[in-house]
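Structure record follows, encoded as structure tokens.
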Amino acid sequence: MDMYDWVDFEGGRARFSGGIRGWDELGHETFCAELNGKSWYGEVVKNWEGDDFSSEILSFGYKQSSDVGMPASARVAFSAFDMEKIKTMVTRLIHIVSQCDNPPFVLSRGKTSKFSGKVVFRDGWINTHAN
């Protein structure tokens, strides 16, 4: 499996989409999740915990990867049901891809460091609407 291959899940699919220069002109590591036939982009970062690291989802819901870094108001809102599906897909994607021989930069291991298995979703990572 290549680090950027789509991974199919019940209700959708997801993949890492690489490092990009975002709307804010900063570098961002991105992923993509497809739900109901539409693709949405988000940002993931590596958080160091001593020698090992966890993954933190900073944001999600951008219509294209180059929009990553825009304010939250630029992101699409999802139902609570879809939010849970996305959260599950992204968590599983990270665990699957972390086992690849050549994982994306945000999951790359060092000589003495490795992914701890922990995936954290930052407050406000996704916009939701009332349903």
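Table for the structure above
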quantity	calculated
Residue match in the range 9-30 (condition: over 17 Å from Arg122 (Cβ atoms), aromatic (Phe, Trp, Tyr) and assigned to a strand (DSSP E or B))	yes
Number of the exception - Ser79 against (1) open to solvent by 10 Å² or more (accessible area, probe 1.4 Å); (2) touching a residue at least 40 places away in the same chain (Cβ under 8 Å); (3) under 22 Å from Asp8 (Cα atoms); (4) out of contact with any His (no Cβ under 8 Å at 6 or more places or on another chain)	(4)
Any hit, the range 102-111, residues being in contact (Cβ under 8 Å) with a residue 60 or more places away in the chain, farther than 18 Å from Gly11 by Cβ and open to solvent by 70 Å² or more (accessible area, probe 1.4 Å)	yes
Qualifying positions in the range 16-36 - among the charged types (D, E, K, R) and buried (at least 20 other Cβ atoms within 10 Å of the Cβ)	Glu29
Subset of the range 37-53 that is farther than 16 Å from Thr88 by Cα and touching a Phe, Trp or Tyr at 6+ places or on another chain (Cβ under 8 Å) - its residue that is surrounded by the most Cβ atoms within 10 Å (Cβ to Cβ)	Phe53
Checking Met89 against (1) free of Cβ contacts under 8 Å to residues at least 40 places away in the same chain; (2) open to solvent by less than 70 Å² (accessible area, probe 1.4 Å); (3) out of contact with any Cys (no Cβ under 7 Å at 6 or more places or on another chain), the condition it does not meet	(1)
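The values are calculated or read from the model by the stated rules, or taken from the named source; none is laboratory data. Since we're looking at a predicted model, the values are computed, not measured. Cβ sites come from the backbone with ideal geometry, for glycine too, and all protein chains shown count toward neighbours. Surface areas here come from the heavy atoms of the whole protein model, side chains and all, with no ligands, DNA or RNA. Shrake-Rupley method; radii C 1.70, N 1.55, O 1.52, S 1.80 Å.
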